[in-house]
Every structure is written in structure tokens, then in C-alpha cells.
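Everything on this sheet refers to the single structure shown next.
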Amino acid sequence: MLYRAMNAAASGMDSFIFNLDVIANNLANAGTTGFKRSRTDFEDLYYQYYKAPGPTDNLGNIMPEGIFAGSGTRVAAVQPDFTQGSILQTGRPWDVAIEGNGFFQVSESGTFYYTRNGQFTVNANGTVVLASANRGLILEPPITVPQDTVQVSISADGVVSVLQSGSNQF
């Protein structure tokens, strides 16, 4: 019986340590653009029944709940919290945000990734890339900006318009 109690306590401590790691990750990324915090979900491990529900005890009293002991807990899942964060005006033309559900799709060497980080920039080739990645994660579908662009406009539905040098229309 003592061994089972020690195992139950150890499983609880292991789950607690895992939860501390999730909390530490949330704190470490609190300032990361587009980061969504996570939460840990726990679940009980199996229960061992010592007396089935319904029998009587030594005094003849009916025990409707029976006697059982849990064997501990474990981490069931780590779930991101997708509630809407605050949207900040940066003044940079390629900084955009998603209001509500959704992700930006970016790619690198044929591998696709999804992010809510909307800090984009234009690389030397005129392609819109994720600014913070510094690896060339290209926004999908790719957007190429002409070299003589003087102003950029992005509509609420994501349509990108540019004003080129010598033109007065987007």
C-alpha cells in the first residue's frame, strides 16, 4: 500500500514539474509577437477498488461509494490558448495582424509553417518574408514587391497594393 502511495505522489510531482516547464515557456515568450500561451491538462490514472460499491461494512452499514484509491495523475495534453491578444500599431508598413481565427502560412525549402507573428519585411529579392525569422521564411502565397515601390497598402481582407515611383495610383 505504501508503494502505491509513493508512486501516486511521484506521478503528481512529475506532472507538476512538466506544468512548471509549460509555465516557464509561457513566461519566456510573453514578449514574442504572436505567441499564444499554453495550459497543461491533467487526468487521473486508474483507480484500484478495495471494496466494490454496495457491500456492507463490519457494522452492517451499506457503503454505496465503495472503497478505492487512485494511482496518481499524468499530463493528458498541452493546449494553446488561442484567445485574441492585443493588436499594436507599429507604424511599419509590413506589420499586420490577424483578428480572430487563422494563421499566416510561411515556407522555407518546400516546408510549410504556420504562425500568428505578423512582422513581415521585404528581402533583397523583393519577396515578403517573416522579419523575425532571419532565415527567409517566405509568406505564402508569395508576394513580390517591385523595386520602385514607394508606398504599401494592405486592406482588411489581405489585398496588397503598392504605389510605384512615378505613379499616383495604387
Item checked: Selection within the range 13-39 - over 28 Å from Asp95 (Cβ atoms) and of a type in the set (Phe, Trp, Tyr) -> Phe16, Phe18
Notebook entry, point to check: Quick check, is Ser15 surrounded by 10 or more Cβ atoms within 10 Å (Cβ to Cβ), of a type in the set (Ser, Thr, Tyr) and over 30 Å from Val150 (Cα atoms)?
Noted result: yes
Item checked: Residues satisfying the stated conditions in the range 93-113, i.e. of a type outside the set (Val, Ile, Thr), assigned to a loop (DSSP other than H, G, I, E, B) and surrounded by 12 or more Cβ atoms within 10 Å (Cβ to Cβ) -> Pro93, Trp94, Ala97, Phe103
Checklist line | Failed item, numbered, when Glu65 is tested on (1) assigned to a loop (DSSP other than H, G, I, E, B); (2) not assigned by TED's automatic domain parsing to the domain that holds Ser15 | finding: (2)
Check: For Thr90, which of the numbered conditions (1) surrounded by 12 or more Cβ atoms within 10 Å (Cβ to Cβ); (2) under 30 Å from Asp14 (Cβ atoms) fails to hold?
Finding: (2)
Check: Given the conditions (1) part of a strand (DSSP E or B); (2) within 16 Å of the chain's Cα centre (by Cα); (3) of a type in the set (Ser, Thr, Tyr), and given that Thr121 satisfies all but one, which numbered condition is not satisfied?
Finding: (2)
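Among residues belonging to the range 50-65 that are at pLDDT below 70 and of a type outside the set (A, V, I, L, M, F, W, C), point out the one that is surrounded by the fewest Cβ atoms within 10 Å (Cβ to Cβ).
Pro64
The values are calculated or read from the model by the stated rules, or taken from the named source; none is laboratory data. These figures come from a predicted structure and were not determined experimentally. Cβ: placed from backbone, ideal geometry, glycine included. Neighbour counts: every protein chain shown.
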